[in-house]
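The values are calculated or read from the model by the stated rules, or taken from the named source; none is laboratory data. Every value quoted in this text rests on a predicted model; they were computed, and no experiment measured them. Methodologically, a virtual Cβ is constructed for each residue, glycine included, from the backbone with ideal geometry; neighbour enumeration extends over all protein chains shown.
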Amino acid sequence: MKQTYRKIHIGILGCGAIGSGIARSTQKELKDYCRLVGLFDTDIEKAQGLAKSLRHPQLCKKSYADLVNCCELLVEATTDKNIKICIEKTLIRKRSVLVMSVGKILHSPGLFNLARERQCSLLIPSGAIAGIDAIKAASLKKISQVTLTTRKPLSGLINIPYLKNKGVDLSQITKETVIFEGSVASAVRNFPQNINVAATLALACRNVPKITIRIITSPEFRMNSHEIELSGDCGHIICRTDNVVSPDNPKTSYLAVLSGIQSLKDFCSGIRIGT
Ligand SMILES: NC(=O)c1ccc[n+]([C@@H]2O[C@H](COP(=O)([O-])OP(=O)(O)OC[C@H]3O[C@@H](n4cnc5c(N)ncnc54)[C@H](O)[C@@H]3O)[C@@H](O)[C@H]2O)c1
């Protein structure tokens, strides 16, 4: 007889590329581990469309509060610049949260303390980068140098105020060009939808005083690629991903969607391979 396990009740906040991908996976890869109980998006048509495509129109909730009421774990996959407040409210209600907008919680040690205090989990998937497992282990001892070099196609960089203010005209770029070099905080502030991986890297490295972020573009680039180079007491680590872009959002790597799905699977199954 097939053993049945209790499934964790999942709610999805934000029904774009990542939220939709994770929602669809609850009927496929995650169907034995969790149950999708609700969806909410400030663009109500998106939530309704997704719920309909999953053949469960009743999944579409009227508000964020209705969504939090019905779930045990909230998947945050929004573009809301104030989403930290929602994450905080969700933890206060003793719901675990999987955060995709990592840049929005970069300087928020209070959230991590709150999760511990409320005895719930704050999950941060590796997203579009590789090596977070090794980097977390390396961070137990001294890390002397970390660099993240991100290569993005021009299509993933449109409508970015920072580039406009710097006078960067993407249509005039004909060869490989470094469009940003600076700190994690500056990268996350100036490229809020493009460089969540920098925030994930910084959280994994913990107390490293300086991480250099470099963003390069070229008309030749077709993929989002992220290369991490780290030196420390553990030795030298180089990790690179060449990511196809998500079919629903050229700013988002498909691997980020898959990483969110795998994080949920680890959490719901209680099995975690890797550091
Ligand atoms: N961690 C990573 O590696 C990684 C990788 C890619 C993207 N991201 C981040 O994940 C988030 C989602 O990415 P995406 O590609 O799915 O974006 P998307 O633009 O495809 O979808 C975002 C959705 O959120 C909705 N939304 C905005 N504010 C909301 C709110 N307050 N409540 C509910 N819904 C709201 C929008 O209407 C939209 O449908 C973004 O913040 C993105 O920067 C993280």
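Annotation note: Cβ proximity below 6 Å between a residue of segment 112-123 that is touching a residue at least 12 places away in the same chain (Cβ under 8 Å) and a residue that is surrounded by fewer than 18 Cβ atoms within 10 Å (Cβ to Cβ) and not in a helix (DSSP H, G or I) (sequence gap 6+ or interchain) occurs for Arg118/Lys94; Cys120/Lys94. When segment 17-44 is filtered for residues that are among the charged types (D, E, K, R) and more than 8 Å from the ligand (Cβ to nearest atom), the ones remaining, listed by number, are Arg24, Lys28, Glu29, Lys31, Asp32, Arg35. When each of Leu13, Leu39, Leu50 is tested for being surrounded by 15 or more Cβ atoms within 10 Å (Cβ to Cβ) and more than 30 Å from Leu201 (Cα to Cα), the lone residue that passes is Leu50. Can you say whether Cys86 is farther than 17 Å from Val257 by Cβ and at pLDDT 95 or above, as far as the supplied structure shows? Yes: the conditions hold for Cys86. Looking at segment 125-142, which of the residues that are surrounded by 22 or more Cβ atoms within 10 Å (Cβ to Cβ) and among the aliphatic types (A, V, I, L, M) is nearest to the chain's Cα centre (by Cα)? Restricting to residues being surrounded by 22 or more Cβ atoms within 10 Å (Cβ to Cβ) and among the aliphatic types (A, V, I, L, M), the top hit is Ala128. Just the residues that are out of contact with any helix residue (DSSP H, G or I) (no Cβ under 6 Å at 6 or more places or on another chain) and within 12 Å of the ligand (Cβ to nearest atom), please, taken from segment 193-217. Listed by number, the residues that qualify are Gln193, Asn194, Val197, Leu201, Leu203. If the condition is being polar (S, T, N, Q) and more than 13 Å from the ligand (Cβ to nearest atom), then segment 86-107 contributes only Ser96. Among residues of segment 55-67 that are surrounded by 12 or more Cβ atoms within 10 Å (Cβ to Cβ), those with a Cβ under 7 angstrom from a residue that is among the basic types (Lys, Arg), sequence gap 6+ or separate chain, pair up as Leu67/Lys61. Filtered by the rule that a residue be charged (D, E, K, R) and either assigned to a strand (DSSP E or B) or within 16 Å of the ligand (Cβ to nearest atom) (or both), segment 252-275 gives a lone residue, Asp266. Once segment 128-156 is narrowed to residues that are in contact with a helix residue (DSSP H, G or I) (Cβ under 6 Å, 6 or more places away or on another chain) and in a helix (DSSP H, G or I), the residue that is nearest to the ligand (Cβ to nearest atom) is Ile132. Select from segment 1-16 the residues that are assigned to a strand (DSSP E or B) and within 16 Å of the ligand (Cβ to nearest atom) and list them in ascending order. Passing the criteria: Ile10, Gly11, Ile12, Leu13. Scanning segment 77-103 for residues that are part of a strand (DSSP E or B), farther than 23 Å from Ala187 by Cα and of a type in the set (Val, Ile, Thr) returns a single hit, Val97.
Residues satisfying the criterion are absent from segment 239-251 (criterion: assigned to a helix (DSSP H, G or I) and not acidic (Asp, Glu)).
Criterion applied to Glu227, Glu220 was being acidic (Asp, Glu), touching a residue at least 24 places away in the same chain (Cβ under 8 Å) and within 16 Å of the ligand (Cβ to nearest atom), and the one residue passing it is Glu227.
Once segment 246-259 is narrowed to residues that are within 11 Å of the chain's Cα centre (by Cα) and within 16 Å of Thr79 (Cα to Cα), the residue that is modelled with the lowest pLDDT is Thr252. Do you know which of the residues in segment 177-188 that are in contact (Cβ under 8 Å) with a residue 40 or more places away in the chain and surrounded by fewer than 21 Cβ atoms within 10 Å (Cβ to Cβ) is farthest from the chain's Cα centre (by Cα)? This residue is Thr177. Among the candidates Arg206, Arg240, the residue that is at positive phi and either touching a residue at least 40 places away in the same chain (Cβ under 8 Å) or under 15 Å from the mean Cα position of the chain (by Cα) (or both) is uniquely Arg206. Look at segment 140-163: where a residue is in contact (Cβ under 8 Å) with a residue 24 or more places away in the chain and a partner is in a helix (DSSP H, G or I) and polar (S, T, N, Q), sitting 6+ places away or on another chain with Cβ atoms under 6 Å, you get Tyr162/Asn190.
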